[in-house]
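The values are calculated or read from the model by the stated rules, or taken from the named source; none is laboratory data. Just so we're clear, the structure is a prediction, and the values are computed from it rather than from any experiment. Cβ atoms come from the backbone with ideal geometry, glycine included; neighbour counts cover every protein chain shown. Ligands, DNA and RNA are stripped out before the accessible areas are found, and what is left, the full protein with its side chains, is counted by its heavy atoms. Shrake-Rupley method; radii C 1.70, N 1.55, O 1.52, S 1.80 Å.
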Amino acid sequence: VDVAVGGAGAAEAFLEFDDGTRDTLSIEENRATGSFVLRKDGAYKVILRNAHGVENDTPITYTLTALRDGSPSIALLEPDSDAVLTEALQMPLHARIRDDFGFSRLHLYYRLAESRFGTPSETFEALPLPLQNPSQLDQDVVYEWLLSQTTELDPVPGDVIEYYVQVWDNDAFAGPKSARTETYRLRLPSLSEQYQELEKQQDDTQDELENLLEETQAIRDQFQNLRNELRSKQESDWQDQRQLQQLQEQQKNLEERVEALSEQVESVMQQMQENNLVSE
């Protein structure tokens, strides 16, 4: 509270609350200052008293409303609940956090949950995550989790790592409140599992290629038939134009599928390289 003191010199200044209690303000020159903790809705008046004990007449009543500090919320947008680790031991995390006043800290908790050779851990280890702007109330946090650099984990194929992310608000009065995500899993697949998945993707790619070839030949035949029909006519009618439009749409759809298939093949090749599934 910072009040300008005017008129006859004030010797004392108080805050008088609606429950009858008073809190003394400090007077320096022509200003009265002080502070108090607002715990609930209420009202107060500023009371000034001169050296003769005379107080200000009909002081203004100021009403205060205490806003409730709600709990924060957090959602993990990436990765999925059961994600696959590569030998690079790198996983991008994407979390969305919300609060009504701001945040104080954000932590990632992890543990080795299943292992073929090591000993699983019963407790989670904490890893602080950076908060670029703690006062931003609605924000996305992206973190590139490099397990080999930020943890003591050394997973081998078949190991499962469990983790969750927890955020705290900045409630300095009642104490920070927190929210956490569900527990998610990261799994480093065995070589046999990786080869099985790779084989499945290659089979799917081959099937799609065969379907594309058959459909391409069918469209080529339809184009040829339509061209022969148009050559035998003086001019094309609406039905011919509609058929040509449909063939063009089918051709465009094939081109999109070819592009998607190309991206799928590239993804498979990248996966093979990342997991050392092929030799030079």
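Quick rundown of the values:
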{"quantity": "Per residue accessible area in Å² of the chain, where ligands, DNA and RNA are left out and the probe is 1.4 Å", "calculated": "65"}
{"quantity": "Pairwise centroid distance, computed over Cα atoms, of the range 1-78 with the range 213-269, Å", "calculated": "79"}
{"quantity": "Distance (nanometres) between label positions extended 7 Å along Cα→Cβ at Thr150 and His52", "calculated": "7.1"}
{"quantity": "5 Å-binned pair-distance histogram of the range 97-176 (Cα, whole percent)", "calculated": "3, 14, 22, 18, 15, 11, 9, 6, 2, 0"}
{"quantity": "Potential lengthening between Gln264 and Ser73 on full extension [0.36 nm per residue; Cα-Cα distance subtracted]", "calculated": "65.2 nm"}
{"quantity": "Solvent accessible area, Å² - Thr61, 1.4 Å probe, full protein context", "calculated": "80"}
{"quantity": "Residue of Thr21, Thr151, Thr86 that the Gaussian network model of the chain assigns the largest fluctuation, springs spanning Cα pairs under 10 Å", "calculated": "Thr21"}
{"quantity": "Extension gain from Tyr62 to Gln222, taking 0.36 nm per residue of separation minus the Cα-Cα distance", "calculated": "49.3 nm"}
{"quantity": "Volume per residue of the C-alpha convex hull in the range 7-127, rounded to whole Å³", "calculated": "208"}
{"quantity": "Estimated inter-spin distance, Leu247 and Glu193, nm [label 7 Å along Cα→Cβ]", "calculated": "5.0"}
{"quantity": "Sequence-separation-based contact order of the chain, relative, with Cα cut under 8 Å and 6+ spacing, percent", "calculated": "14"}
{"quantity": "The chain: angle of helix 191-231 to the longest principal axis, Cα-based, in degrees nearest 10", "calculated": "60"}
{"quantity": "Positive dipole terminus of the chain, leading residue within Thr181, Val167, Phe223 (C-beta point charges)", "calculated": "Val167"}
{"quantity": "Residue (of Pro157, Gln202, Gln241) at the positive-pole extreme of the range 129-261, dipole from beta-carbon charges", "calculated": "Gln241"}
{"quantity": "Principal-axis tilt of helix 238-274 within the chain, Cα atoms, nearest 10 degrees", "calculated": "70"}
{"quantity": "Reachable lysines from Lys200, criterion Cα separation under 24 angstrom, eight or more residues apart if same chain", "calculated": "none"}
{"quantity": "Computed magnitude of the charge dipole of the chain (debye, nearest 20; Cβ of K, R +1, Cβ of D, E -1)", "calculated": "1180"}
{"quantity": "Semi-axes of the equivalent ellipsoid for the range 111-250, Cα gyration tensor, largest first, Å", "calculated": "59, 27, 10"}
{"quantity": "Of all accessible heavy-atom area on the chain, the percent that carbon and sulfur account for (1.4 Å)", "calculated": "47"}
{"quantity": "Inter-site label distance for Thr86 and Phe36 at 7 Å from Cα along Cβ, in nm", "calculated": "6.3"}
{"quantity": "Given charges at beta-carbon only (K, R positive; D, E negative), |dipole| of the range 35-189 in Debye", "calculated": "680"}
{"quantity": "Computed FRET value (nearest 0.05) for Arg105 with Ser26, which takes r as the C-beta separation and R₀ as 35 Å", "calculated": "0.50"}
{"quantity": "Those lysines that a straight Cα-Cα span of less than 21 Å connects to Lys40, excepting residues fewer than 8 apart in one chain", "calculated": "Lys177"}
{"quantity": "Most fluctuating residue given options Phe101, Phe14, Phe173, as computed from a GNM of the chain linking Cα atoms under 10 Å", "calculated": "Phe14"}
